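Enquirer: My structure is below; once you've seen it, I'll send some questions.
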Amino acid sequence: MAEGLELRKFLAPEFIFGAGARQLAGRYAKNLGGRKILVVSDPGVVEAGWTKDVTDSLEAAGLSYVLFTAITPNPKVEEVMAGVALYQAERCDLLVTVGGGSPIDCAKGIGIVSTNKKHILDFEGVDMVTSPMPPLICIPTTGGTSADVSQFAIISNPMERVKIAIISKSVVPDIALIDPVTLTTMDPYLTACTGLDAMTHAIEAFVSTARSSMTDLHALEALRLLSASLVPSIRNPDDLNLRGDVMMGSLQAGLAFSNAILGATHAMAHSLGGALDLAHGECNAILLDHVIEFNFAASPERFERIAQVMGLDLRGLPLKERKKALLRHVRELKAQAGVARTLAEVGVGLSDLSLFSEHALNDPCMATNPRRPSKRDIEVLYEESL
Ligand SMILES: [Fe+2]
């Protein structure tokens, strides 16, 4: 069947984008009928002041709330379950989350457990959530995760040293309040890692086997915006226009990948992050160029489009040179962003790779990779990234 006639759906929450969006939390929580709100955030975001802006807005709307911030990067099973206990003990009826991917994914976990009355690990996989969660309002404070618009929640299971992916439209928030001002307190490393994560979302969505013309539109615009603004925003952290472009790029990448799903980079990054508790964006950045090299032959015209949108002029170059030019560009971008470590430098050894490859092969994101890898292919990709 022609590609344009295949069945595809596109799902996105209501979102409000712009400076000051975070201060609308109270109004929207009230509109959604909330009376007692669990605010899920983390200590770094509290310190940056963004959590208080949101709780002030809840107070101004006359709403009571309880704060839950016992969350570490890569949110863990027991953190979700502790949040559920607090949600239930305080008789909450709505969730507001302020932060990066960790608080947002944790809030999604708290939401689905509290209405479905099952353990968080029971929701692993695609469409495993049967009852809708309570209303959820997300205020993202990093330009990368897009958990605020996506149908993904990634939770770490430290007992098994793996991450589980929960993919369900039940974890798409009701409203995202996307405020680029919140990006101004990110340090250069966090800006780089989260921005490269967003770029990986756009690239993987654009070559995914579940892509559609709607996801293509957002993936390409995301890449255009992020290519132009990510490195400058690291160098000019207070420039709100650049932060705005990064945040918009991240949002568009999120709309693309939430619907087109991802690929081998994310499958392999989830496996790494689950075992070693590493920063998700850095894992993707380390692997991205190696996975592009592996996938290129499966969709050369799509990777050429990616290169063009990133600003490369490939006219007149033979196929092999086009691939080389794209790889060189991605590697330069990583270096300019300051993300230059290898897997060995973040603590991965050769003896880890067999198990990591097995987990990556079973990750739901692998299903939409444009080229089907064997376990040995994945091992080689990890080896090249050491
Ligand atoms: Fe990601």
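Enquirer: If only one of A297, A269, A307 is within 12 Å of the ligand (Cβ to nearest atom) and either in a helix (DSSP H, G or I) or not acidic (D, E) (or both), which one is it?
Expert: Answer to the selection: A269.
Enquirer: If D148 satisfies every condition in (1) away from the ligand (no atom under 16 Å from the Cβ); (2) in contact with a Cys (Cβ under 7 Å, 6 or more places away or on another chain); (3) within 18 Å of L32 (Cα to Cα) but one, which is the exception?
Expert: (1)
Enquirer: For segment 130-150, what are the residues that are farther than 25 Å from L183 by Cα and surrounded by 23 or more Cβ atoms within 10 Å (Cβ to Cβ)?
Expert: M133 - this is the single residue of segment 130-150 that is farther than 25 Å from L183 by Cα and surrounded by 23 or more Cβ atoms within 10 Å (Cβ to Cβ).
Enquirer: If I filter segment 358-373 for residues that are farther than 30 Å from E124 by Cβ and part of a helix (DSSP H, G or I), do I get at least one hit? Spell out how you get there, then give the answer.
Expert: To start, the set of residues in segment 358-373 that are farther than 30 Å from E124 by Cβ comprises none.
Scanning segment 358-373, I find no residue that is farther than 30 Å from E124 by Cβ and part of a helix (DSSP H, G or I), so the answer is no.
Condition check ((1) touching a Lys or Arg at 6+ places or on another chain (Cβ under 8 Å); (2) crowded, with 24+ Cβ neighbours inside 10 Å) across all residues:
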residue: R211; (1), (2): no, yes
residue: A222; (1), (2): no, yes
residue: P232; (1), (2): no, no
residue: R235; (1), (2): no, no
residue: L262; (1), (2): no, yes
residue: T265; (1), (2): no, yes
residue: G273; (1), (2): yes, no
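Enquirer: Count, please, the residues in segment 1-53 that happen to be at pLDDT below 95, more than 21 Å from S146 (Cα to Cα) and of a type in the set (A, V, I, L, M).
Expert: 4
Matching residues to (1) buried (at least 24 other Cβ atoms within 10 Å of the Cβ); (2) within 13 Å of the ligand (Cβ to nearest atom); (3) within 19 Å of P140 (Cα to Cα):
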position: D197; (1), (2), (3): yes, yes, yes
position: A205; (1), (2), (3): yes, yes, no
position: M214; (1), (2), (3): no, no, no
position: D239; (1), (2), (3): no, no, yes
position: S250; (1), (2), (3): yes, yes, yes
position: A253; (1), (2), (3): yes, yes, yes
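Enquirer: So, one more: Quick check, is A335 out of contact with any His (no Cβ under 7 Å at 6 or more places or on another chain) and touching a residue at least 40 places away in the same chain (Cβ under 8 Å)? Before you say what the answer is, go through the steps one by one.
Expert: Values: out of contact with any His (no Cβ under 7 Å at 6 or more places or on another chain): yes; touching a residue at least 40 places away in the same chain (Cβ under 8 Å): no.
For A335, the condition - out of contact with any His (no Cβ under 7 Å at 6 or more places or on another chain) and touching a residue at least 40 places away in the same chain (Cβ under 8 Å) - is not met.
Enquirer: For segment 237-295, which positions are within 12 Å of the chain's Cα centre (by Cα) and closer than 12 Å to E204 by Cα?
Expert: Passing the criteria: A253, G254, A256, F257, S258, I261, L262, H266, N284.
The rows are residues; the columns are (1) small (G, A, S); (2) surrounded by 13 or more Cβ atoms within 10 Å (Cβ to Cβ).
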residue	(1), (2)
A298	yes, yes
G311	yes, no
G316	yes, no
E321	no, no
L333	no, yes
D363	no, yes
P370	no, yes
L381	no, yes
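Enquirer: A further question on this structure: Just give me the residues in segment 2-43 being in contact with a Ser or Thr (Cβ under 8 Å, 6 or more places away or on another chain), surrounded by fewer than 13 Cβ atoms within 10 Å (Cβ to Cβ) and of a type in the set (D, E), in sequence order.
Expert: Residue satisfying the conditions is E6 alone.
Enquirer: If you don't mind, another one. I'd like the full set of residues that are under 17 Å from W50 (Cα atoms) and touching a Pro at 6+ places or on another chain (Cβ under 7 Å), limited to segment 105-151.
Expert: Result: I137, C138, D148.
Enquirer: If a residue has to be surrounded by fewer than 24 Cβ atoms within 10 Å (Cβ to Cβ) and within 22 Å of I164 (Cα to Cα) to count, how many in segment 82-112 make the cut?
Expert: Selection size over segment 82-112: 3.
Enquirer: Something else about it: Checking G347 against (1) on the phi > 0 side of the Ramachandran plot; (2) out of contact with any Leu (no Cβ under 8 Å at 6 or more places or on another chain), which single condition isn't satisfied?
Expert: Status for G347: all satisfied but (2).
Enquirer: Something else now. Which of the residues belonging to segment 84-105 are within 16 Å of the ligand (Cβ to nearest atom) and either over 28 Å from L183 (Cα atoms) or touching a strand residue (DSSP E or B) at 6+ places or on another chain (Cβ under 6 Å) (or both)? If you could, list the steps in order and put the result at the bottom.
Expert: At the first step, the residues of segment 84-105 found to be within 16 Å of the ligand (Cβ to nearest atom) are 99-105.
Correct list: P103, I104, D105.
Enquirer: Among (1) outside any loop (DSSP other than H, G, I, E, B); (2) under 16 Å from P75 (Cα atoms), which single condition is T145 missing?
Expert: (1)
Enquirer: Does segment 44-62 contain any residue that is in contact with a strand residue (DSSP E or B) (Cβ under 7 Å, 6 or more places away or on another chain), of a type in the set (D, E, K, R) and surrounded by 14 or more Cβ atoms within 10 Å (Cβ to Cβ)? Quick ask: steps written out before the conclusion?
Expert: First pass over segment 44-62, keeping only residues in contact with a strand residue (DSSP E or B) (Cβ under 7 Å, 6 or more places away or on another chain): 45, 50-51, 54-55, 58.
Cutting the leftovers down to of a type in the set (D, E, K, R) gives us none.
No, that holds for no residue.
The values are calculated or read from the model by the stated rules, or taken from the named source; none is laboratory data. Remember, it's a predicted structure, so these values are computed and weren't measured experimentally. Cβ atoms come from the backbone with ideal geometry, glycine included; neighbour counts cover every protein chain shown.
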